[in-house]
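What follows is a single structure, written as structure tokens, with notes after it.
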Amino acid sequence: MTERLRVAGPVATSRRAWFVVAALFFVMLISSGIRSAFGVFLHPLLEQFGTSRAAVSLAFTINSIVFGMAQPLVGRTLDRHGLRAVVLPGAVIMAASLALLPAARDLWQLYLLYGGIHALGLAGTNTAVAFPVAVRWVRQRRGPVLGVLAAAGMVGSFVLVPGTMFLLLSVGWQGMLLVLTGLAVVVALPVLLLPDHPPGAAPRGPADAPTPAGRPDIGLRDLLRSRAFWFLALPSGASGFSGTLVQVHFVPLLLDHGQAPQPAANALGLISALGVVAVLATGFVAERVGFNRVLLMVYLVRAAGVFLVPLVDEPVLLAAVVGLIGVSWGGIQPATSGLAGDIFGRRALGTVLGWVFFVQNILGAMAAVFGGAVHDWLRSYDPAFLLSGALLLAGALMTAAIAGPARGAEPAR
């Protein structure tokens, strides 16, 4: 059986759509920036709970798992009820969890507030919302728009990680959390002024492209039977695995290889810096060659960089690792979102991407624990990174199976 695709022809993008994109950009900037600041939270939390780093870090692992599990629910709610029904509650929940964090006295309260409640708020203000909304509103230059939204998270990290540290040193732990609480609420207020759906698009109306099941409303059972879904979700999971492995364990690996702490941290920062530029370029390239081909290229580049990680003793190879991982750092999610829109249509895209990002976040959460366990066992991160490179290559092969000569190519089921 074949999944027949029909991609809508070019339709002018309205001025209101650009306001929607701008609002989503700032929502993601704050949401992703706050999530990236967990490293700044670590020492205050250690002092607050008087426990080990492993016990405090477990809150981030729980957060990642809950965040991933919430993506399908958020996507389904977005499809049925619209933008405000997920962003506004998400912002309030995220703000409440931050405001209550100083009052936590036991670890279970930390796990509940940050690991559970905060993750639910993040899920309502992140990529599973922004990407499908952008795909629905923007009919021209979707690639660049998705690239800009993907870059929002990295810009948020650049702004809020050092900004949060400045606040911590200036006004203390509680004052810092109070400012972040205010940001989480204020940034979502413009969403009150935005419509839930593009003009003429009701949440339960006909899709502008048929789903694999031939219905405008697509469910998990339909996705589980769709090869195209698995060929999007599993490579995305490999991306999440490699991304978490780099975020959590790349600096310790460099320290194991004799790098000084500051240059090691600078290397990870440079990866993010390159990612901002690369993700914007990826969007423009996707407009010309198609999301499928861009996604294939990004997986191959990321795999090459990850395979070289064990060789970072050589300065030239370290530069190659930083460059290859950096230029592929932010392009996977927007390219996956664009390709999913071509395959499944725009109406059910929240549901589809919710499950795709569920797979990505669950595998990403596993990478943090896996990398640490491998190092504890073998005293080396090398096998973990080599496995991650192999998973990325497998993801590239899956992507090649659905890649075609142009956007909206017809994948075999």
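With a simple spin-label model that places each label point 7 Å from the Cα along the Cα-to-Cβ direction, the separation between Ala260 and Leu189 comes to 4.5 nm.
What FRET efficiency, computed as 1/(1 + (r/R0)^6) with R0 = 35 Å and r the Cβ-Cβ distance, is obtained for Glu314 and Val277, rounded to the nearest 0.05? Each step should come with its number before you reach the end.
Details: r = 25 Å, r/R0 = 0.71.
For R0 = 35 Å, the calculated efficiency reads 0.90.
Working from label points 7 Å from Cα in the Cα-to-Cβ sense, the Met165 to Phe284 distance is 3.2 nm.
Readers should treat all values here as calculations from the given coordinates under stated rules, not as data from a laboratory. Predicted, not measured: the structure shown is a model, and the values here were computed from it. Positions of Cβ are backbone-derived with ideal geometry, glycine not excepted, and every protein chain shown enters the neighbour counts.
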